[in-house]
Structures are given as C-alpha cells and as structure tokens.
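Novice: This is the structure I want to talk about, given as structure tokens.
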Amino acid sequence: MDALLTSLSGLGPFLLYFAMSIVMLLLFKWLYVLITPYDEWRLIKEDQNLAAAIALVGAFVGFSLAVASAAANSVSLLDFAVWGVVALVAQLLAFAIVRLMFLPKVAERINQGQVSAGAVVGGLSVAVGLLNAACITY
C-alpha cells in the first residue's frame with residue numbers, strides 16, 4: 001500500500017504539467033493557424049487536403065517535442081511555462097522564416113494540395129522542434 005501511495009504522490013504535479021502542456025498545444029494551434037495564409041481545418045475537413053494535414057501534424061509534433069523537453073528539464077511550473085512560451089515563439093518564427101525566405105510559394109502549394117510541400121513544411125517543423133527541444137536541455 002505504501003508503494004502505491006508513493007507512486008501516486010506525483011499525480012498532482014503530473015496533472016498540472018499535463019494540463020499546462022495541453023493549454024500550450026491549444027495556444028500553439030490557434031496561433032499557428034492564425035499565421036498561416038490558409039485555413040488548415042477547412043482544407044483538411046472539406047477538401048481532404050493531405051498536404052495541409054501533413055504540415056499541421058508536423059507543426060504539432062515539432063512543438064510537442066519542444067514542450068516535452070521543457071517539461072522534462074524544468075525546475076518548476078513557472079520555469080516550464082516560460083520555456084514552453086520560448087518553444088512556441090521559436091516554432092512560429094521558424095515557420096515564418098521558412099515560408100518567407102526559403103519557400104515563398106509553399107502556402108499556395110499546400111493550398112493546392114501538393115503533398116511534397118506539406119511534407120517539407122511538416123518535416124522542417126519536426127526538425128526545428130527537435131533542435132528546439134535539444135536547446136531547452138540546460
């Protein structure tokens with residue numbers, strides 16, 4: 001019985017960190033969809049646009065990797081929140097830089113359903129998330 005109680009003693013912090021992670025993911029989703037020049041949800045739901053789905057999933061996975069690293073390496077809930085926001089800004093900036101500097105027509109291509117464009121954006125989002133996550137380990 002003591003072992004069970006000891007195991008469950010971490011339930012409170014788990015719930016706080018998990019809830020904050022979900023809030024951060026929802027905030028990221030809202031901001032990401034706001035900065036993209038196309039409506040991912042409409043493209044995915046109505047048009048069954050695989051390119052938009054791949055790009056969006058890549059963005060979610062990339063951001064989640066960074067948030068997971070922030071959770072694993074934070075010393076407090078406030079520390080986690082701060083680094084979660086840093087990760088969010090880094091991911092959004094990475095998308096903006098890729099779109100504006102390297103792939104200026106990627107938004108049009110995703111809107112048209114070109115899977116290769118969605119794969120590039122999704123893959124770059126995961127790659128940036130991995131780098132983001134590694135940089136959060138301090």
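The values are calculated or read from the model by the stated rules, or taken from the named source; none is laboratory data. All of these numbers come straight from a predicted model, not from anything done at the bench. Cβ coordinates were reconstructed from backbone atoms using ideal geometry, including for glycine residues, and neighbour counts include every protein chain displayed. For accessibility, only protein heavy atoms count, side chains too; no ligands or nucleic acids. Shrake-Rupley method; radii C 1.70, N 1.55, O 1.52, S 1.80 Å.
Novice: Answer yes or no: is there a residue in the stretch 64-77 that is more than 17 Å from the chain's Cα centre (by Cα), under 19 Å from F18 (Cα atoms) and part of a helix (DSSP H, G or I). Working first, answer last.
Specialist: Here is the first cut: in the stretch 64-77, the ones more than 17 Å from the chain's Cα centre (by Cα) are 73-77.
From what's left, under 19 Å from F18 (Cα atoms): 73-77.
From what's left, part of a helix (DSSP H, G or I): 73, 77.
There is at least one residue in the stretch 64-77 that is more than 17 Å from the chain's Cα centre (by Cα), under 19 Å from F18 (Cα atoms) and part of a helix (DSSP H, G or I).
Novice: Quick check on V23: is it at pLDDT 95 or above and part of a helix (DSSP H, G or I)? It would help to see each step written out before you state the result.
Specialist: Details: at pLDDT 95 or above: yes; part of a helix (DSSP H, G or I): yes.
It is true that V23 is at pLDDT 95 or above and part of a helix (DSSP H, G or I).
Novice: Out of all the residues in the stretch 69-92, which are surrounded by fewer than 17 Cβ atoms within 10 Å (Cβ to Cβ) and either of a type in the set (A, V, I, L, M) or touching an Asp or Glu at 6+ places or on another chain (Cβ under 8 Å) (or both)?
Specialist: In the first step, residues of the stretch 69-92 are kept if they are surrounded by fewer than 17 Cβ atoms within 10 Å (Cβ to Cβ); the result is 72-73, 75-79, 81-82, 85-86, 89.
Selection gives A72, V75, L77, L78, A81, V82, V85, V86, V89.
Novice: Related question: When you scan the stretch 41-62, do you find a residue that is open to solvent by 60 Å² or more (accessible area, probe 1.4 Å), of a type in the set (A, V, I, L, M, F, W, C) and at pLDDT below 90, even just one? Give the steps one after another, and end with the answer.
Specialist: Step one: list which residues in the stretch 41-62 are open to solvent by 60 Å² or more (accessible area, probe 1.4 Å), which gives 41-42, 45-48, 50, 57, 61.
Of the ones still in play, those that are also of a type in the set (A, V, I, L, M, F, W, C) are 41, 50, 57, 61.
The next check asks that each one be at pLDDT below 90; those that pass are 41.
Yes: one or more hits.
Novice: I'd like the full set of residues that are more than 20 Å from the chain's Cα centre (by Cα), in a helix (DSSP H, G or I) and either among the hydroxyl-bearing types (S, T, Y) or under 24 Å from W41 (Cβ atoms) (or both), limited to the stretch 78-114.
Specialist: E108, R109, N111
Novice: Next question, about the same structure. Would it be correct to say that A107 is over 29 Å from N73 (Cβ atoms), out of contact with any helix residue (DSSP H, G or I) (no Cβ under 6 Å at 6 or more places or on another chain), at pLDDT below 95 and open to solvent by less than 30 Å² (accessible area, probe 1.4 Å)? Can you show your working first?
Specialist: Working: over 29 Å from N73 (Cβ atoms): yes; out of contact with any helix residue (DSSP H, G or I) (no Cβ under 6 Å at 6 or more places or on another chain): yes; at pLDDT below 95: yes; open to solvent by less than 30 Å² (accessible area, probe 1.4 Å): yes.
Yes.
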